Each structure stands twice: as structure tokens, then as C-alpha cells.
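Each value in this text was obtained by applying a stated rule to the coordinates, not by laboratory testing. Just so we're clear, the structure is a prediction, and the values are computed from it rather than from any experiment. Reconstructed Cβ throughout: ideal geometry from the backbone, glycine too, with neighbour counts over all protein chains shown.
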Amino acid sequence: EAKTRGRGRYEFFDVELRERVQRQLRLEQDLREAVVDGQLWMAYQPVVDLRTCRTVAVEGLMRWHHPTHGAISPVEFIPLAEESDLINLIGDYMLRTTTEEIASQRAARNLDTRLTVNLSARQLDDAALVPTVEEALRRTGLPPQTLCLEITESALMRDPEVAGGALSALRGLGVRLAIDDFGTGYSSLAQLWRLPLDTLKIDQSFVAGIGRPGKSEAEAIIRGIVTMAHSMGLTVIAEGVETDRQLEVLRELNCDQAQGYRFGRPVSAGELFPRMAG
Ligand code: C2E
Ligand code: MG
Ligand code: MG
Ligand code: MG
């Protein structure tokens, strides 16, 4: 009896696995069309300075409106794009769109808002990345220090040697560099120290632990990260701030900047910028 139950379970997993693989293959094909078809667009989330309460930057986050499935999360489609060469096409689209949108909003509203965008591990390996960034800055006239490129801790640690080389080349353009989702990977201080970074973004899982009973270790960890980052001359941004309590604690812990639903969800440039003016 146990045997038949076991077999049933295997068949169940087979079906589930096949369906998942099929969905991925379909989505990968659809993603190719999405780029040409204009189904991708960029949402922006404010990054707020904790001393002045001003929005100092916006983070560009990619959105895919699929014609039949509706909204698909970047958590699902970015890894798909990374498995193929699509990530470079999508990355080019993202850099072009965000620099154009932010340059035009800055000019139209006389703002000094900076732009931060996400790069994936595969893009760091691409020889075309540095010329693409350079070209985007040149075409839009955005000052290089206005642009920040975020790379997740795990992407950096995949091959610290290669990543370090790519970061140095990007730094040569004058852009800023941030380590994203910090605390979720396993980087050592010594490895971080060698990278030309400007900013460290504390992963939202730590912020979620603030003020939660039995989770007070989150505050101790954040305190440690902030102290370490500041001693390395890095600006610290907390991600995923949702409550007043979290905001209060992050201020006390000397965090420099924050983003999260407490300040604003990611929305289109057309929706975000009119609110920011004045
Ligand atoms: P990330 O760069 O760490 O972005 C932060 C994520 O947290 C975003 O999810 C954002 O919508 C979400 N978030 C912001 N505030 C809050 C909050 O208060 N609470 C909660 N629970 N979540 C919050 P999103 O937009 O789904 O993006 C997920 C990840 O996908 C990003 O993580 C980034 O790694 C990747 N990604 C997004 N856009 C791009 C892109 O254009 N290129 C690349 N390579 N990766 C991208
Ligand atoms: Mg990010
Ligand atoms: Mg993050
Ligand atoms: Mg993340």
C-alpha cells in the first residue's frame, strides 16, 4: 500500500514538474515578443533620506504586463531571461528607458533626483555593458554620479574576481555602485572591502524583523551592518520599510536612507513624479 502511495506521489511531482517546465518554456518565448511588443515597462519606487525626509533617488523596477497572464513578477521572469541571452536585450531596454525617463523628469521639474537600477550577474559578464551604460549617459546627458547600479550580494559572490573587474570598469565611468539584498549571501568582509562600492542595501528580511516579538536580533544585526558599512565609507539604505515603528528604529540605528511601502510603492514615472514636485 505504501508502495502505491509512493508511486502516486512521484506521478504527482512529475506532472507538477512538467507543467512548471512547460510554463517556463512558454514564458521564455513570450518574453522575446514582450520586448519588441512593448509589454515591458519600468516602475519607480522613491528612496528617502532619513534625516531630511526628501526623496533623493528612485529605483527602477521592471514590470511585465503579459497579454493573457497579466502581471508577471520580475522574480519569475528575470531568472528566465538570465538563462538565455535575453537578459542583455532586456538590460539594454531597461537602461535606455530609465535614463531617458529620469533625465526628462529632472529637466521638466527641475529636480536633482538620482536613478538606481538593478543589474543581474549575467550582465556583469557582458562586454557590451560598459559601452551601453556610457551611451545611455551620453545620450540623455545624465551626470554619471546620478546613476547607481545595484548588484545583489549573491551575484557578486558568484565570481568575485570577474565581478570586481566589471565593477572597476563601471566605476571608471563615474557611476555609483550598490550591493543589493545584503545579508542574504555569504560574503566576507575581506571580499567586500576590495570592491569599489558606494552603497549597501540591507535586505528587507531584516527590516521585517524589527519590532516583532522574539525577533529583536534583527535590530542587533542591522546595527552591526550599519556600523561596518559606515566604517567602510558606504551609504546604507534599508529596504522594505512598511511601518512607522520600523522607520523610527532605522533612524535610531543610524541608517542613512530607506525605501518601502511606508514611503511609496513602485509606480510609473507619470504617477510618481507629479507627487514629488514642489
Ligand atoms: P530588489 O532590487 O531588492 O527590489 C526590491 C523589491 O522589494 C521590489 O520587488 C519591490 O517592489 C519590493 N518592495 C519594495 N518595498 C517593499 C515593501 O515595503 N515591502 C515588501 N514586501 N516589498 C517591497 P520587485 O519589483 O518584485 O523586484 C524583485 C527583484 O527583481 C528586485 O529586487 C531585483 O532583484 C529584480 N529586478 C527588478 N527589476 C529588475 C531589472 O530591471 N533588472 C534586473 N536585472 N533585475 C530586476
Ligand atoms: Mg534593487
Ligand atoms: Mg533588494
Ligand atoms: Mg531583492
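Starting from the exponent 0.38 and prefactor 2.2 Å, build the expected Rg for the stretch 1-159 from its residue count and divide its actual Cα Rg by it. Provide the component values of the computation, followed by the final result.
Details: Rg = 19.9 Å, N = 159, 2.2 N^0.38 = 15.1 Å.
Computed over Cα atoms of the stretch 1-159, the ratio equals 1.32.
Estimated from helices alone, the mean residue ellipticity of the chain at 222 nm is -16500 deg cm²/dmol (sum of -39500 (n - 2.57) over DSSP H runs with n ≥ 4, per residue).
Per residue, the average separation of C-alpha pairs within less than 8 Å and at least 6 apart gives the chain a relative contact order of 17 percent. For a quick check, take a GNM of the chain with Cα springs below 10 Å and name the residue from ASP14, ASP92, ASP180 with the largest mean-square fluctuation. The residue that fluctuates most here is ASP14.
Toward the positive end of the charge dipole of the chain, with +1 on the Cβ of Lys and Arg and -1 on the Cβ of Asp and Glu, the farthest Cα among LEU27, ALA163, GLN257 is that of GLN257. Think of the chain as a dipole: +1 on every Lys or Arg Cβ, -1 on every Asp or Glu Cβ, centred on the Cα centre; then among TYR93, CYS148, PHE13, CYS148 lies furthest on the positive end. The slack between ASP198 and ARG54, meaning 0.36 nm per residue of separation minus the straight C-alpha distance, is 49.9 nm. Helices that extend 18 Å or more along their long axis by alpha-carbon positions and average at least 0.0 on the Kyte-Doolittle scale are, among the DSSP H runs of the chain, 217-231.
Normalised radius of gyration for the stretch 145-199, please: alpha carbon Rg relative to 2.2 N^0.38 Å, two decimal places. Please list the in-between numbers first.
On the way: Rg = 10.4 Å, N = 55, 2.2 N^0.38 = 10.1 Å.
Normalised by 2.2 N^0.38 Å, the Cα Rg of the stretch 145-199 equals 1.03.
What dipole magnitude, in Debye to the nearest 20, does the stretch 45-125 give about its Cα centre under +1 on Lys/Arg Cβ and -1 on Asp/Glu Cβ? Before the final figure, lay out the partial values.
Working: 8 positive and 11 negative charges, 104 e Å.
Here the stretch 45-125 has a charge dipole of around 500 debye.
Charging the Cβ of each Asp and Glu at -1 and of each Lys and Arg at +1, and nothing else, the dipole of the stretch 164-220 about its Cα centre rounds to 140 debye. Among 21-34, 260-273, 148-161, the peptide with the highest mean count of other Cβ atoms within 10 Å heads the list, and the full ranking is 148-161, 260-273, 21-34.
Binning all Cα-Cα separations of the chain at 5 Å, short to long from zero, yields these whole-percent fractions: 1, 5, 11, 15, 16, 16, 14, 9, 6, 3, 2, 1, 1, 0, 0. What is the list of residues in the stretch 245-278 whose amide nitrogen lies under 13 Å from a point 7 angstrom out from the Cα of ALA71, following Cα to Cβ? Backbone N within reach: 265-268.
Mind checking the dipole of the chain: about its Cα centre, +1 per Lys or Arg Cβ, -1 per Asp or Glu Cβ, Debye to the nearest 20?
Computed about the Cα centre, the dipole is about 520 debye.
Using 0.36 nm per residue and subtracting the Cα-Cα separation, the extra length available between GLU19 and SER231 on full extension is 71.4 nm. Centre-to-centre separation between the Cα atoms of the stretch 206-246 and those of the stretch 27-51: 27 Å.
Using amide H atoms built 1.01 Å from N in the peptide plane, name the residues 5+ places from VAL58, or on other chains, whose amide H lies under 5 Å from its own. Distant-sequence amide H within range of VAL58: VAL47, ARG114, LEU115, THR116.
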